[in-house]
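S.K.: Please see the structure below; I have some questions.
Bear in mind that the values in this text are calculations on the coordinates, not laboratory data. Computed from a prediction, not measured in an experiment: that's the story for all the values here. All Cβ positions, even for glycine, are placed from backbone atoms using ideal geometry, and neighbour counts span all protein chains on display.
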Amino acid sequence: MHLTSLCGNRLLKDVTVLLMIFCLISVFLRNRDWSRSSAQPPCPSRFNGFSFLMRPAIRCDNSGPFLVLLVTSSSGRFQTRLAIRRTWGIERLVGGARSVTYFLLGHGRQRQHFILREGALHQDIIQRDFEDTYHNMTLKVLLGLQWLCCSCPSVSFVMKTDSDMFVNTDYLIKLLSRHPHRRNLLTGIIMKGFGPVRENSSKWYISKDEYPRDKYPPYCSGTGFVLSTDLACRMWEVSEKAQKIKIEDVYVGLCLAVLEVEPMKIHSQQVFCSHKVPFSICTYRQLITSHWVRDYEKLLFWRGLQDSDDEKCRGEP
Ligand SMILES: *[C@@H]1O[C@H](CO)[C@@H](O)[C@H](O)[C@H]1NC(C)=O
Ligand SMILES: *[C@@H]1O[C@H](CO)[C@@H](O)[C@H](O)[C@H]1NC(C)=O
């Protein structure tokens, strides 16, 4: 009786000691992970309580991609995301420079269950718990910046674009690769001298309370703009100081005004387009964006570009 209870106690003690060792080891390992990730740039949240619903398993270690495309998308657009994944959003490698695409989403409401499955499958959805409305677009852009600067800071460039766009990813990588400014770059369709729409029926209506001045600082159209990652992350750092405004591209301009940086052209021609450019192989080879491109057109245009390597266009070597 005495012996068994002693053995029992002994066993209990052994188990306790083992458990304690196990806990210590796991705490040590967890702390090690934690200190490693905190070696990255500081990542304060600007989201007052909107938590991450989903983030990709990192594909962005030290050998991070050259270019990350962040596409704002709304939860119901499953087909569009599929079309983008099969066309311009597919992982590209051009002259050794890699591009990867992620989608920015707000809360999926009744579709959230499907979105979780989609994200688990493709590992390309970045999502936070805010309402997925047009006027929360600025939050989406901040979400993209936070993810980039905290999880993927070794990337060289980041593009923000929308899901109704066509992007010639290969040409963009080519232009960025030979561009002399790897730092402090914001490029796209440069909007200069524009001011707030005061017509209260407009989608872009901004009241005097929201923005009292008559002119916006220069910015780039939200249909597609590119930032060097250093600038994107400096922007993330000052984003608290800039005035919050619900129009996301103007908001980027306001942040850049705090940093005293102005957008610049990447090409003497207008290679970013905010209208729908009629498709031809030779025009699309030399542009970066075209707007209002439907899903089936994305597939057609992309195939057209991919299958026409031996076709010569005027002015090409
Ligand atoms: C943005 O999302 C928040 C959180 O879901 C919501 O309360 C707010 O109404 C949304 N704002 C707009 C302008 O849609
Ligand atoms: C819009 O503006 C007009 C006149 O400027 C005003 O009468 C109307 O109440 C406004 N509507 C809203 C929804 O604020």
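S.K.: Using the basic label-point model (7 angstrom from Cα toward the beta carbon), what is the H181 to L259 distance in nanometres?
M.R.: Here the modelled spin labels are 1.1 nm apart.
S.K.: Could you please rank V271, V226, V277, placing first whichever residue has the fewest other Cβ atoms within 10 Å of its Cβ?
M.R.: Ranked by crowding around the Cβ, least crowded first: V277, V271, V226.
S.K.: Can you tell me the length gained on complete extension of the stretch E131 to S154, counting 0.36 nm per residue apart and subtracting the Cα distance?
M.R.: 5.3 nm is the gain from fully extending E131 to S154.
S.K.: What percent do you get for the relative contact order of the range 52-306 when only Cα pairs under 8 Å and 6+ apart count? Please report the intermediate quantities before stating the final value.
M.R.: Working: 485 pairs, mean separation 57.7, N = 255.
Contact order relative to length: 23 percent.
S.K.: Let's see if you can work this out: charge +1 on each Lys and Arg Cβ, -1 on each Asp and Glu Cβ, no other charges. What is the dipole magnitude of the range 163-248 about its Cα centre, in debye to the nearest 20?
M.R.: With only Lys, Arg, Asp and Glu charged at Cβ, the dipole is about 280 debye.
S.K.: Additional query: Run the numbers for D230 and Q112: contour at 0.36 nm per residue of separation, minus the present Cα-Cα distance, in nm.
M.R.: So the chain would gain 39.2 nm between D230 and Q112.
S.K.: From the square roots a ≥ b ≥ c of the eigenvalues of the alpha-carbon gyration tensor of the range 52-306, which class results: rounded (a/c under 1.5), prolate (a/b over b/c), or oblate?
M.R.: Here the range 52-306 falls in the rounded category.
S.K.: Using r as the Cβ-Cβ distance of R198 and Q306, and R0 as 41 Å, what FRET efficiency do you calculate, to the nearest 0.05? Spell out each step's value before the answer.
M.R.: Values: r = 46 Å, r/R0 = 1.12.
After rounding, the FRET efficiency stands at 0.35.
S.K.: Students often check this: by mean Cβ neighbours within 10 Å, which of 160-168, 78-86, 198-206 ranks highest, and how do the rest follow?
M.R.: With the highest mean Cβ count within 10 Å placed first, the list reads 160-168, 78-86, 198-206.
S.K.: If you take the beta carbon distance between E240 and Q286 as r and set R0 to 41 Å, what does 1/(1 + (r/R0)^6) give as a FRET efficiency, to the nearest 0.05?
M.R.: Calculated value: 0.55.
S.K.: Amide H to amide H, which residues 5 or more places from F225 or on other chains are under 5 Å from it, using H placed in the peptide plane?
M.R.: K160
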